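The structure under discussion appears below in the form of structure tokens.
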Amino acid sequence: MADSPRRYHITTFGCQMNKADSERMAGILEGMGFQWAETPEEASLVLYNTCTIRDNAEQKVYSYLGRQAKRKHEQPDLTLVVAGCVAQQEGELLLRRVPELDLVMGPQHANRLQDLLEQVFAGNQVVATDPVHIFEDITKPRRDSQVTAWVNVIYGCNERCTYCVVPNVRGVEQSRTPEAIRAEMEELGRQGFKEVTLLGQNIDAYGRDLPGVTAAGRHQHTLTDLLYYVHDVPGIERIRFATSHPRYFTERLIRACAELPKVCEHFHIPFQSGDNEVLKAMARGYTRERYLRIIDQIRSYMPDAAISADAIVGFPGETESQFENTLQLVEQVGFDQLNTAAYSPRPGTPAALWDNQLSETVKADRLQRLNHLVATKAAERSQRYLGRVEAVLVEDQNPKDPLQVMGRTGGNRLTFFTGDITELKGQIVPVQITTVRAFSLTGDRVDQPTQLSVAGVAC
Ligand code: SAH
Ligand code: SF4
Ligand code: F3S
């Protein structure tokens with residue numbers, strides 16, 4: 001027992017932030033001598049990195065936990081950890097609900113996993129949910145991909161959207177310094193990574209909490225400045241960022257994206273609702289008109305830019321005609337991709353307490369109608385790729401067809417083509433698109449890079 005290494009498994013729910021946190025926690029565990037196990041059942045340390053954005057995300061966690069808690073009765077040396085947003089939301093309550101847990105830790109504590117586990121191994125049951133200053137990320141993440149990587153630039157969120165748990169569970173905004181971000185990207189470049197996605201819940205808030213203002217009175221470190229600062233990191237050929245907030249999105253940022261060749265022409269800007277009254281009730285801080293102006297501005301600089309977003313249907317009090325304003329906005333913009341959700345009342349959020357909640361039937365009906373329109377519009381948007389040569393960054397083999405590889409275009413469309421993964425992984429390959437579907441493309445590799453529609457440009 002003593003000389004066989006302990007094995008761990010992490011199951012990750014939720015958004016890119018959680019995925020990035022999981023990779024860092026996996027890095028810490030490997031630094032402690034743990035080895036990855038393919039399934040929770042083969043592991044003696046099981047960690048759930050949880051999400052509570054909607055009720056169904058939270059309930060999923062409880063059903064998984066129940067199974068592991070049972071297992072612990074037969075295998076007392078099993079270490080059970082709940083990390084992430086449910087851990088932060090429930091804290092001590094989780095221990096009461098699942099007394100078999102060893103460690104409950106909020107997202108701000110991800111980088112402290114080793115320290116917390118040492119307390120567990122000393123015989124304690126530990127809850128770490130107090131707000132802390134996030135320590136600089138000195139860990140070596142165990143990244144899922146060898147081609148694309150997440151890099152956190154700002155943690156937390158200072159907005160107060162009336163439906164959203166994120167500020168409660170992720171705490172206040174904390175930006176990393178431009179130097180730390182660049183250093184992480186340089187390391188990624190040295191390791192052979194080709195693409196970086198800069199992450200923040202409200203990435204336009206980047207730098208507000210860092211010291212320094214310019215002579216013109218603006219914050220010295222904005223997202224736009226950061227893009228210029230990291231743009232020339234050797235080896236990194238593509239840069240993306242998410243999530244943008246329409247309230248703070250600037251024309252200066254759009255210009256930077258148009259000017260900097262490594263920044264992909266892909267924008268993820270959730271609008272949530274196409275109706276001004278609903279937007280106001282959500283406390284989003286912008287109007288439909290402002291949102292549409294942003295889209296127009298993006299398209300005036302980059303006519304081909306891919307645009308994706310998130311939207312919620314069935315917000316409390318949403319009338320049929322207000323919902324139709326959302327449909328109409330989707331029709332008008334023509335998103336490349338849209339993440340849709342039925343409103344879910346969340347503990348600790350204002351909208352959950354309002355008495356004008358809609359029935360599940362109305363929400364489900366609206367969600368279905370919206371999804372139908374989204375698929376139709378995405379299929380229309382895909383048409384523009386037909387026959388074109390796109391630069392595809394190859395990430396992996398197609399799991400459904402070993403003769404094919406898959407990757408993404410600059411606009412983030414998943415693309416398949418015949419090729420050998422050992423030769424092509426991590427390369428940007430010109431691919432002529434022969435088949436288009438709503439959310440993916442198929443094509444053929446073309447040999448001469450000069451055929452690229454945007455020669456020499458990675459995105
Ligand atoms: N920071 C991002 C969103 C993070 S949460 C932003 O401001 O847009 C990801 C998405 O989950 C949101 O965009 C929203 O569409 C959805 N969401 C958040 N809270 C929700 C709730 N209570 N019910 C349904 N969907 C929700
Ligand atoms: Fe939630 Fe709003 Fe913050 Fe996005 S901006 S994380 S929706 S509170
Ligand atoms: Fe979920 Fe937390 Fe992300 S609630 S969406 S994992 S910030």
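The values are calculated or read from the model by the stated rules, or taken from the named source; none is laboratory data. Being a predicted model, the structure only gives us computed values, none of them experimental. Reconstructed Cβ throughout: ideal geometry from the backbone, glycine too, with neighbour counts over all protein chains shown. Surface accessibility is based on the protein's heavy atoms, side chains included, excluding ligands, DNA and RNA. Shrake-Rupley method; radii C 1.70, N 1.55, O 1.52, S 1.80 Å.
With the alpha-carbon atoms as the only input, what is the per residue convex hull volume for the range 71-218 in Å³? It would help to have the intermediate numbers written out before the result.
Values: hull volume 22.8 nm³, N = 148.
Expressed per residue, the convex hull around the Cα atoms of the range 71-218 is 154 Å³.
What length, rounded to one decimal in nm, is gained on full extension from LEU403 through to VAL132, with 0.36 nm per residue of separation minus their alpha-carbon distance?
Taking 0.36 nm per residue and subtracting the Cα distance, the gain is 92.7 nm.
Going by Cα centres, the range 1-54 and the range 95-119 are how many Å apart?
Their Cα centres are 12 Å away from one another.
When only DSSP loop residues count, what GluC sites (Glu not before Pro) in the range 85-155 have their Cβ near at most 13 other Cβ atoms within 10 Å? It would help to have the intermediate numbers written out before the result.
On the way: sites: GLU90, GLU92, GLU100, GLU118, GLU136; in loops: GLU100, GLU136.
Those that pass, being in a loop and sparsely packed, are GLU136.
Tally up the carbon and sulfur contribution to the accessible surface of the range 7-128 as a whole percent, 1.4 Å probe, everything protein left in place.
Values: 2270 of 4890 Å².
Carbon plus sulfur share of accessible area: 46 percent.
Any idea what the dipole of the range 342-459 comes to, in debye rounded to 20, about its Cα centre with Lys/Arg Cβ at +1 and Asp/Glu Cβ at -1? Write down the numbers at each step before the final one.
Values: 14 positive and 12 negative charges, 85 e Å.
Taking the Cα centre of the range 342-459 as origin, the dipole is about 420 debye.
Under unit Cβ charges (Lys, Arg +1; Asp, Glu -1), what dipole magnitude, rounded to 20 debye, does the chain have relative to its Cα centre? Mind showing how you got there, number by number?
Working: 50 positive and 59 negative charges, 120 e Å.
Computed about the Cα centre, the dipole is about 580 debye.
Starting at the first residue of the range 277-294, write each ³J(HN,Hα) from the Karplus equation 6.51 cos²θ - 1.76 cosθ + 1.60 with θ = phi - 60°, in whole Hz, x for Gly and Pro.
Those phi angles translate into 5, 5, 4, 5, 5, 7, 6, 7, x, 8, 10, 4, 5, 4, 4, 5, 4, 4 Hz.
Work out the charge dipole of the chain with +1 on the Cβ of Lys and Arg and -1 on the Cβ of Asp and Glu about the Cα centre, then indicate which of ASN412, SER344, THR250 is farthest towards its positive end.
THR250
Tell me, how many Å apart are the Cα centres for the range 160-213 and for the range 346-423?
24
Using a 1.4 angstrom probe on heavy atoms only, work out the carbon and sulfur share of the accessible area of the range 145-264 in %. Write out the running numbers ahead of the final one.
Details: 2300 of 4360 Å².
With neighbouring chains kept in place, the figure for the range 145-264 is 53 percent.
Relative contact order (percent) for the range 231-339, with alpha-carbon contacts under 8 angstrom and 6 or more residues of separation?
On the way: 137 pairs, mean separation 31.9, N = 109.
Dividing the mean separation by the residue count of the range 231-339 yields 29 percent.
As I understand it, the dipole of the range 69-222 uses +1 on the Cβ of Lys and Arg and -1 on the Cβ of Asp and Glu, about the Cα centre. Which of TYR163, GLY91, VAL132 lies farthest toward its positive end?
Selected residue: TYR163.
Treating the beta-carbon of each Lys and Arg as +1 and of each Asp and Glu as -1, no other charges, what is the dipole magnitude of the range 7-128 about its Cα centre, to the nearest 20 debye?
On the way: 12 positive and 16 negative charges, 57 e Å.
Its charge dipole is roughly 280 debye.
From Cα pairs below 8 angstrom and at least 6 apart in sequence, can you work out the relative contact order of the chain, rounded to a whole percent?
Numbers: 931 pairs, mean separation 46.8, N = 459.
Relative contact order of the chain: 10 percent.
For the chain, give me every cysteine whose Cβ has no other Cys Cβ within less than 4.7 Å, ordered by residue number.
When partners are defined as cysteine Cβ atoms under 4.7 Å apart, the chain leaves CYS15, CYS51, CYS85, CYS157, CYS257 without one.
Hey, if you put +1 on the Cβ of every Lys and Arg and -1 on every Asp and Glu Cβ in the chain, which of PRO40, PRO399, SER440 ends up farthest toward the positive end of that dipole?
SER440
Normalising by the residue count of the range 145-264, find the relative contact order in percent from Cα pairs under 8 Å and 6+ residues apart.
Values: 211 pairs, mean separation 33.1, N = 120.
Normalised by residue count, the contact order of the range 145-264 is 28 percent.
Over the chain, give the accessible area per residue in Å² for a 1.4 Å probe, as an integer.
Working: 19760 Å² over 459 residues.
Result: 43 Å² per residue.
Leaving out same-chain residues fewer than 8 places away, which lysines sit with a Cα under 24 Å from that of LYS377?
Cα-Cα hits under 24 Å: LYS363.
So which trypsin sites (Lys or Arg not before Pro) in the range 59-126 end up in coil per DSSP with only 16 or fewer other C-beta atoms within 10 Å? Provide the component values of the computation, followed by the final result.
On the way: sites: LYS60, ARG67, LYS70, ARG71, LYS72, ARG96, ARG97, ARG112; in loops: none.
For trypsin sites (Lys or Arg not before Pro) across the range 59-126 that sit outside H, G, I, E and B with at most 16 neighbouring Cβ atoms in 10 Å, the list is empty.
Using 0.36 nm per residue of separation minus the Cα-Cα distance, give me the extension gain between THR435 and ARG369 in nm, one decimal. Don't skip to the end; give the middle numbers.
Details: separation 66, 0.36 × 66 = 23.76 nm, distance 2.61 nm.
Full-extension gain reported as 21.1 nm.
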